[in-house]
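Please read the structure below before turning to the comments.
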């Protein structure tokens, strides 16, 4: 593989990895707060893609489509947390996990009944001009994806580091019960965390629909699993780790395809997950968890 091809595939990989990172952030934030792997999160991403598609079909531009998809997924995620997870918070750890799988299957089945199992084409919403920058080419769609992803990730960091709710999120992630005793409304914090993750996933869904020109009811299954792998590879519970893991996974996947391993494209993510768990169980940026005996 020559230098030009390598650089081109790196750009493609970073574009794909940015969408994985947007989904992975939802996994890592929810896990950091309540230690729950929300397997329904990938299906929230799928709903965002379909809402964005509906808005584009009605004549909306891509920015309005992303905004409406964010609002819709925010409402869905908060409802899921309130109905399916909150009543099980005091039960065994396995109960909310099983509930999340049930919610995921419900959303997939519902959307399949509504839209059918076949992929639906995503209309062209922007003129996809190809620009040559040095040795690489980058399209308008890729630029939009990279810019939107970067803005959302920076905005998330500002919310977590600079706002009162962000401080409450950090306190709750350290110790939920102590935060409650200190006067923090942990229910509001948890709902806000689900909403924040859903907003990012919704944007990712619309961007992926625009990038690959199609959406379908089961698109959240593999994307969600890969984003979960990205969160674990980066260090689940770490926001920068989720971003790094998503980008790393996207680049690895695209480079694997470029080297003729297209048949193993999906297996690359899970192979990397196994390697990271073997040699660094806490992830690339995660910290080993200290437990008192």
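The values are calculated or read from the model by the stated rules, or taken from the named source; none is laboratory data. The shown structure was predicted, so the numbers you read here are calculated from the model rather than taken from an experiment. Cβ placement follows ideal geometry from the backbone for every residue including glycine, while neighbour counts extend to all protein chains displayed.
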Pick from the stretch 171-180, criterion surrounded by fewer than 15 Cβ atoms within 10 Å (Cβ to Cβ) and part of a helix (DSSP H, G or I), ranking: farthest from the chain's Cα centre (by Cα): 178
Qualifying positions in the stretch 230-242 - part of a loop (DSSP other than H, G, I, E, B) and within 13 Å of the chain's Cα centre (by Cα): 236
Among (1) exposed (fewer than 14 other Cβ atoms within 10 Å of the Cβ); (2) closer than 16 Å to residue 30 by Cα; (3) within 20 Å of the chain's Cα centre (by Cα) - the single one residue 102 does not satisfy: (2)
Pick from the stretch 72-94, criterion exposed (fewer than 14 other Cβ atoms within 10 Å of the Cβ) and in a helix (DSSP H, G or I), ranking: nearest to the chain's Cα centre (by Cα): 75
Filter result (assigned to a helix (DSSP H, G or I) and within 20 Å of residue 243 (Cβ to Cβ)) within the stretch 271-289: 272, 273, 275, 276, 277
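Within the stretch 184-203, is there a residue that is outside any helix (DSSP H, G or I) and either surrounded by fewer than 24 Cβ atoms within 10 Å (Cβ to Cβ) or in contact with a helix residue (DSSP H, G or I) (Cβ under 7 Å, 6 or more places away or on another chain) (or both)?
Yes: one or more hits.
Does any residue of the stretch 243-250 turn out to be in a loop (DSSP other than H, G, I, E, B), crowded, with 23+ Cβ neighbours inside 10 Å and either in contact with a helix residue (DSSP H, G or I) (Cβ under 9 Å, 6 or more places away or on another chain) or in contact (Cβ under 8 Å) with a residue 60 or more places away in the chain (or both)?
no
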Test: residue in the stretch 64-76 that is farther than 17 Å from residue 195 by Cα and modelled with pLDDT of 95 or more: yes
Which listed residue, of 11, 62, is in contact with a strand residue (DSSP E or B) (Cβ under 8 Å, 6 or more places away or on another chain), surrounded by fewer than 21 Cβ atoms within 10 Å (Cβ to Cβ) and in contact (Cβ under 8 Å) with a residue 60 or more places away in the chain: 11
Neighbours by Cβ (under 8 Å, 6+ apart or cross-chain): first from the stretch 170-194, touching a residue at least 24 places away in the same chain (Cβ under 8 Å); second not in a helix (DSSP H, G or I): 172/184; 173/237; 194/38
Matching residues in the stretch 130-157 - criterion: being modelled with pLDDT of 90 or more, exposed (fewer than 11 other Cβ atoms within 10 Å of the Cβ) and not in a helix (DSSP H, G or I): 130
